[in-house]
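Report on one structure; see the data block that follows.
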Amino acid sequence: MKQNLILIGFMGSGKSTVGRELARSLHMNFVDTDHYIENKENMKIKDLFTRRGEEKFRKLESKYVQEISQMTHTIISTGGGVANSDANMNALKKNGFVVYLDCAIDCLVERVSRRNTRPLLNGFIDQHARVVELLNSRVGNYRKHKNTSVFINSKTNLEDTVALIKKLYINFD
Ligand code: S3P
């Protein structure tokens, strides 16, 4: 069995929430790439974007993804843009099983609208259109890099999602 379990997917798909629960349930460590970056850089993601720009953020993200990919026995929740880089994903996949949280658009829009901490969505009046635009540009990469997908909508409950991913992970070789 590959040691790490990696969650990829769009902002608001539930990667951090699901990841924390999986870690608790499987008695594994948990790392969220955004929190890791924030701790290392001592700055919120939002501020990294505004002060240093997206290009610099992506460089830092890739650097820390390489570090994180060396970990073992860990559930890794990734930022929504991590799967855009083959280098990021190839490093993570060396020692990890990749699950794409494929969340329905309406559910994503509802969830991302609750917070304004995501620079790529801030300032867009039509959040639905922005989510569709960004998701269309990314879905190919999520699909390319996944080992399996789990579908989520507003009716899915956390326990069911966690139980399903556990089963897929345990049966994967
Ligand atoms: C991003 C997603 C965010 C965060 C940053 C950029 C993206 O993480 O890494 O705002 O490019 O999709 P979440 O997916 O955890 O919101």
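The values are calculated or read from the model by the stated rules, or taken from the named source; none is laboratory data. What you see is a predicted model; the values in this text were computed from it and never measured. Positions of Cβ are generated from backbone atoms using ideal geometry, with glycine treated the same way; all protein chains shown enter the neighbour counts. These accessible areas exclude ligands, DNA and RNA; they are computed on the full protein's heavy atoms, side chains included. Shrake-Rupley method; radii C 1.70, N 1.55, O 1.52, S 1.80 Å.
Taken over segment 149-167, the criterion of being in a helix (DSSP H, G or I) and either modelled with pLDDT under 95 or open to solvent by 80 Å² or more (accessible area, probe 1.4 Å) (or both) is satisfied by E159, D160, K167. Any residue at all in segment 69-82 that is on the phi < 0 side of the Ramachandran plot, aliphatic (A, V, I, L, M) and in contact with a strand residue (DSSP E or B) (Cβ under 6 Å, 6 or more places away or on another chain)? Yes, segment 69-82 contains a residue that is on the phi < 0 side of the Ramachandran plot, aliphatic (A, V, I, L, M) and in contact with a strand residue (DSSP E or B) (Cβ under 6 Å, 6 or more places away or on another chain).
Report yes if L108 is within 18 Å of I45 (Cα to Cα) and open to solvent by less than 40 Å² (accessible area, probe 1.4 Å), otherwise no. Answer is no for this residue.
Within the set of pairs 6+ apart or on separate chains, which have a first residue in segment 157-172 that is within 13 Å of V99 (Cα to Cα), a second that is open to solvent by 90 Å² or more (accessible area, probe 1.4 Å) and not basic (K, R), and C-beta atoms under 7 Å apart? Partner pairs satisfying both residue conditions: F172/M1. Within segment 90-108, being touching a residue at least 60 places away in the same chain (Cβ under 8 Å) and outside any loop (DSSP other than H, G, I, E, B) holds for L92, K93, G96, F97, V98, V99, Y100, L101, D102, C103, C107, L108. Every listed requirement among (1) within 16 Å of the ligand (Cβ to nearest atom); (2) in contact with a Leu (Cβ under 6 Å, 6 or more places away or on another chain); (3) β-branched (V, I, T) is met by V132 save one, (2). In segment 32-49, the residue that is nearest to the ligand (Cβ to nearest atom) out of those that are open to solvent by 80 Å² or more (accessible area, probe 1.4 Å) and outside any helix (DSSP H, G or I) is K44.
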